[in-house]
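Enquirer: Would you mind keeping the following structure in view while I ask a few things?
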Amino acid sequence: MPRPPAIARRSLRRDDAFPLRAEALGFCFHSPEGREYWARDACYVLTPEAVARMEAAARELGGMIAAAVDRVVARGDYAAFGFTPRLAALVEQSHRLGEPSLYGRFDFRLDPVDGSIKLFEFNAETPAALLEAAVVQLAWFEETPPGPDTRPGTDQWNAIDDALVARWPEMGLPRLIHFAAEREREDEIALVAYLMATARAAGHEAAFLPVDDISWQEEAGFVTPEGVPLSACFKLYPWDWLDFEEGGRLLPLGRTRWIEPARRMLHASKAILVTLWEMFPGHPLLLPASLDRAAIEGPAIGKPALGLEGYGMQVEGTEADESTEIAEGLPPSPTIWQQWSPLPGHATPDGLAYPVMGVWMVGDEPAGLGIREGDDRVTTFEDRFVPHVIL
């Protein structure tokens, strides 16, 4: 009997009721601007062996990235990372203090035939799609009747919620934590609301404020509009954006415990991929990466060191080179070149879909999986979220 593929896309009976039920969980952005973000007619089916390999890969890569970050700080050279001198100083101070991290997300390529894994990048500062992975797909799994055309599989890799609740007490934070996000982003506000719920479940008080409502008082530092000091604040807003803005000059003067801490900029920057390849050349989980395009044999993808949400990607050396738009108004950063390893295509009724495996880390431990797929081989903010099951 042939072995099942490590991962396969399964078409299901279309379920238009579930996204509406999921609105009670805060998932109100399942159809942004008429675009279907939640896949209502499909899931991905994985073998237990594939899940175990991704879990082991995440643990190993976590240690490798920690070692790479230590080397970068020891060298004190942040040119490839695109940091300003002020941001580099904040990163170094945060690293020396060992400020704890809450969460992050690895993006993996999973080969459906041999189950091999390659690291694309580590979203270690403001990773998106957490609510969908931790809550919504678990509710889908539990509420959908099992069956070959409704919900196959017997399990789901998903301990994210429990891990987050257990992580908050380990962070050494004060009882009150503020949570900040952009007021126009419904998806970000929903993610922050979910994290607030996990913090409350762990015994904290949690309060929300739009990120642009944060202000400064000479004696208190960063405060809310009511003048309440931000002793601890989770911000779904990148450090380099804060540094780029007028108030960035105040960051070294504040006394706020920020989550994620500034040191996570090193983990999140695409430039860490270059250091990883220098330290672990030929490692089976890595793809060659360099600041020099000529150092990458064959096709390569260029990524802004401080890029996010798929902006500014450029693929060179293929029959049909690809690129994504460059976001306006964001701080510039160097381009990091990584060997092009295209996502495997999975058949759908409308053509091919290209899934990326998002392995969620809570603290230093892998806790679950979220899968996004697109119609193109470069994953962007416009792609779909597809639930998964384990055979």
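The values are calculated or read from the model by the stated rules, or taken from the named source; none is laboratory data. Predicted model, so just to flag it, every value in this text is computed and none were measured. Neighbour counts are summed over all protein chains in view; Cβ atoms, including those assigned to glycine, are modelled from backbone coordinates with ideal geometry.
Enquirer: If you take the residues in region 140-174 that are of a type in the set (Gly, Ala, Ser) and more than 21 Å from the chain's Cα centre (by Cα), which one is farthest from Ala271 (Cα to Cα)? Can you show your working first?
Expert: Within region 140-174, the subset of a type in the set (Gly, Ala, Ser) is 147, 153, 159, 163, 166, 172.
In the following step, the residues that additionally are more than 21 Å from the chain's Cα centre (by Cα) were identified as 147, 153, 172.
On the way: Gly147: 45, Gly153: 38, Gly172: 30 Å.
Result: Gly147.
Enquirer: Got a sec? Which of Arg257, Arg293, Arg249, Arg263 is among the basic types (Lys, Arg), out of contact with any Pro (no Cβ under 9 Å at 6 or more places or on another chain), over 15 Å from Ala67 (Cβ atoms) and modelled with pLDDT of 95 or more?
Expert: Answer to the check: Arg293.
Enquirer: Quick check on Leu12: is it hydrophobic (A, V, I, L, M, F, W, C) and in contact with a helix residue (DSSP H, G or I) (Cβ under 8 Å, 6 or more places away or on another chain)?
Expert: no
Enquirer: If you check Gly104 against the conditions, is it in contact with a His (Cβ under 9 Å, 6 or more places away or on another chain), within 24 Å of Phe234 (Cα to Cα) and not polar (S, T, N, Q)? Talk me through it step by step, then tell me what you get.
Expert: On the way: in contact with a His (Cβ under 9 Å, 6 or more places away or on another chain): yes; within 24 Å of Phe234 (Cα to Cα): yes; not polar (S, T, N, Q): yes.
Spelling it out, Gly104 is indeed in contact with a His (Cβ under 9 Å, 6 or more places away or on another chain), within 24 Å of Phe234 (Cα to Cα) and not polar (S, T, N, Q).
Enquirer: Residues Arg71, Arg109, Arg53: which one is basic (Lys, Arg) and in contact with a Lys or Arg (Cβ under 9 Å, 6 or more places away or on another chain)?
Expert: From the options Arg71, Arg109, Arg53, the qualifying one is Arg109.
Enquirer: Could I ask something else about it? Considering region 296-311 alone, what residues qualify as being of a type outside the set (A, V, I, L, M, F, W, C), at pLDDT below 90 and surrounded by 21 or more Cβ atoms within 10 Å (Cβ to Cβ)?
Expert: Listed by number, the list holds a single entry, Gly307.
Enquirer: Still on this structure: Looking at Ala159, Ala206, Ala180, Ala139 in this structure, which one is out of contact with any strand residue (DSSP E or B) (no Cβ under 6 Å at 6 or more places or on another chain) and at pLDDT 95 or above?
Expert: Ala139
Enquirer: For region 291-313, what are the residues that are under 14 Å from Ser333 (Cα atoms) and either in contact with a Phe, Trp or Tyr (Cβ under 6 Å, 6 or more places away or on another chain) or of a type in the set (D, E, K, R) (or both)?
Expert: Answer for region 291-313, where residues must be under 14 Å from Ser333 (Cα atoms) and either in contact with a Phe, Trp or Tyr (Cβ under 6 Å, 6 or more places away or on another chain) or of a type in the set (D, E, K, R) (or both): Gly302, Lys303, Ala305.
Enquirer: Now, a different point. From the list Ala327, Ala347, which residue is assigned to a strand (DSSP E or B), modelled with pLDDT under 95 and exposed (fewer than 15 other Cβ atoms within 10 Å of the Cβ)?
Expert: Being assigned to a strand (DSSP E or B), modelled with pLDDT under 95 and exposed (fewer than 15 other Cβ atoms within 10 Å of the Cβ) holds for just one of Ala327, Ala347, which is Ala347.
Enquirer: Looking at region 46-68 only, could you name the residues that are under 17 Å from Phe108 (Cβ atoms) and of a type in the set (A, V, I, L, M)?
Expert: Correct list: Leu46, Ala50, Val51, Ala52, Met54, Ala56, Ala57, Ala58, Leu61, Met64, Ile65.
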